[in-house]
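A short worksheet on the structure shown next.
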Amino acid sequence: MKGVFSILLRLAIIGFGLILYTEVAVPQMNKTGDVAIGAGLIAFGALALVGFAGGLLDGMGQGALTSALWWLAIAAGVALGWWMIPPWLRNTTDYDYATLLEQSRDVVPFIFGLVAGPAVLASCIGGVMRRGV
């Protein structure tokens, strides 16, 4: 039960951070009228950094295997959320929700790997640091 709560808490924090970033920071970047490719790159970098930092801290606190499993679940949740929520928010009469989901389904493995890769690596590093080896 503790593990489920920990996973959901981390998912909520990451989700809140992404929503806050999207609603506050991205519009500020778009004021210049230029294409804000930097906004996406910052979000991707932040996800990788959060995955690494979270995996490292959890690896030191919970052990490598537990941390890695937690972060695989968190990465899946972040990837599915990234895929399902933005099309729902921008759903217009031009497209139906299923069409928007189909058009953006390729983002799921990318976001999953972006969070899971650094998190699992950091979980292993944290697990080694925990044992003091």
A chain fully extended from A48 to E102 at 0.36 nm per residue, minus the present Cα-Cα distance, gains in nm 16.9 nm
So for R0 = 30 Å, FRET eff. of L41-I125 from the Cβ-Cβ r, to 0.05, ends up at 0.75
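Bear in mind these aren't lab numbers, they're just calculated from the coordinates by the rules spelled out. Bear in mind that the values here come from a model prediction, so they are computed numbers and not experimental data. As a convention, Cβ positions derive from the backbone with ideal geometry for all residues, glycine included, and neighbour counts pool all protein chains shown.
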